[in-house]
Amino acid sequence: MTRPPALPSAARAIVRGDRRALARAISAVENGDPSADAVLRALYPRTGSIPVVGLTGPLGVGKSSLLSLLVAHLRAEHRTVGIVAVDPSSPFSGGSVLGDRIRFDRAPEDDGVFFRSMASRGAAGGIAVTTREAVRLLEAAGFDLVLVETVGSGQVDVSIRDVATTRVVVLVPHLGDEVQTLKAGLFEIADVFCVNKSDLPGAERAERDLSELAALGPARDGWRPTVVRTSSVTPSGIPELWRAIEAHETFLDEAHVRADAERTRLAREIVERARDRLSADLVVRLGKDPALRSLLDRVAARSLDPRSAADRLVADLLRGR
């Protein structure tokens, strides 16, 4: 019998629960350090088996406060939790603007919670490739589940679909966001709607409107989004929110759609990675490769349009040229 290859020392440390090694690996991933490649490859077989719950929604709906309460509830149930909170990128350093978020309450001595704030790096919807890799490191570290909070980019914050097994769209009653979801992708990605700040007027109406929209909209693989009301002030609704998340995770298994959903996410990731690498390579080659320079010259001379040039370029690539 062939033994599996030995794990790199950093990967072994992560598997046995070394939080410093985990933090260093995530930093290496975020900084593009090549040393992270071997760790990610070695740990990849240990991923894909736990819930990854995404919290998304417009700015100002209280996602961070909700996240803090949800983590407290999960720890009370003795579940270990890894958290990736995606923050806006600094235009100067490229790092996370909000840093380590003092508004996230956690006990420093609690080894059952690992929190990491990451910069969005300008990615649409706040989810960069590095976010996916950080989630995988947390999975390999043995947490019971991973929570991902997105930066919140209005009505187009839909890239959480490429990371999370269950997506929670957080809204508030007094902004009319429950109706605005029809205008963009948030409605299509929601597995659970959370009407947060339900201590404010209009919460019941927002819940009713969203429930009606969910009933009228098409079911995704047989699942219709559930609607839960929560409040970080009262606080209330957190156990109900977790039960709704668990219900969706159970549905994925009982309806036998978890594997297909994972394949869809991986297909998007593979295409995104291939596109990024090809784009960078082609930009360089267009300035150096004689054949490609000739193609660029024709476009610049207006004897060939960019669309036709791109078609020829793709055809050549597919033929292995």
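Brief remarks follow.
- Single unsatisfied condition, R24 versus (1) closer than 30 Å to T250 by Cβ; (2) crowded, with 17+ Cβ neighbours inside 10 Å; (3) of a type in the set (D, E, K, R); (4) over 16 Å from the mean Cα position of the chain (by Cα): (1)
- Qualifying positions in segment 38-67 - modelled with pLDDT under 95, in contact with an Asp or Glu (Cβ under 8 Å, 6 or more places away or on another chain) and polar (S, T, N, Q): S49, T56, S64
- Residue match in segment 2-21 (condition: of a type outside the set (K, R), closer than 15 Å to V168 by Cα and either touching a residue at least 24 places away in the same chain (Cβ under 8 Å) or not assigned by TED's automatic domain parsing to the domain that holds E139 (or both)): no
- Only residues that are surrounded by 11 or more Cβ atoms within 10 Å (Cβ to Cβ) and either closer than 20 Å to R312 by Cβ or not hydrophobic (A, V, I, L, M, F, W, C) (or both) were counted in segment 265-280, giving 7.
- Matching residues, segment 222-258, being without any contact (Cβ under 8 Å) to a residue 60 or more places away in the chain and assigned to a loop (DSSP other than H, G, I, E, B): G222, R224, P225, V233, T234, G237, A255, H256, V257
- Leading residue by the ranking (modelled with the lowest pLDDT) among those in segment 281-321 that are surrounded by fewer than 10 Cβ atoms within 10 Å (Cβ to Cβ) and outside any helix (DSSP H, G or I): R321
- Subset of segment 115-145 that is aliphatic (A, V, I, L, M) and not in a helix (DSSP H, G or I) - its residue that is modelled with the lowest pLDDT: A123
- Test: A72 is within 16 Å of G112 (Cα to Cα) and surrounded by fewer than 18 Cβ atoms within 10 Å (Cβ to Cβ): yes
- Being in contact with an Asp or Glu (Cβ under 9 Å, 6 or more places away or on another chain), at pLDDT 85 or above and either part of a strand (DSSP E or B) or crowded, with 16+ Cβ neighbours inside 10 Å (or both) holds for only one residue in V148, V86, and it is V86.
- From V192, V172, V163, V228, residue being crowded, with 16+ Cβ neighbours inside 10 Å, of a type in the set (A, V, I, L, M, F, W, C), in the same structural domain as T150 (by TED's automatic domain parsing) and in contact with a Leu (Cβ under 6 Å, 6 or more places away or on another chain): V228
- Filter result for A206 (crowded, with 19+ Cβ neighbours inside 10 Å, at pLDDT below 90 and either closer than 28 Å to A72 by Cα or outside the structural domain of A76 (by TED's automatic domain parsing) (or both)): yes
- When segment 33-54 is filtered for residues that are in contact (Cβ under 8 Å) with a residue 60 or more places away in the chain and either in a loop (DSSP other than H, G, I, E, B) or touching a Cys at 6+ places or on another chain (Cβ under 8 Å) (or both), the ones remaining, listed by number, are T47, G48, S49, I50, P51.
- Condition check for K63 on (1) surrounded by 20 or more Cβ atoms within 10 Å (Cβ to Cβ); (2) in contact with a helix residue (DSSP H, G or I) (Cβ under 7 Å, 6 or more places away or on another chain): one failure, at (2).
The values are calculated or read from the model by the stated rules, or taken from the named source; none is laboratory data. On a predicted model such as this, the values are computed, not experimentally measured, just so you know. Positions of Cβ are backbone-derived with ideal geometry, glycine not excepted, and every protein chain shown enters the neighbour counts.
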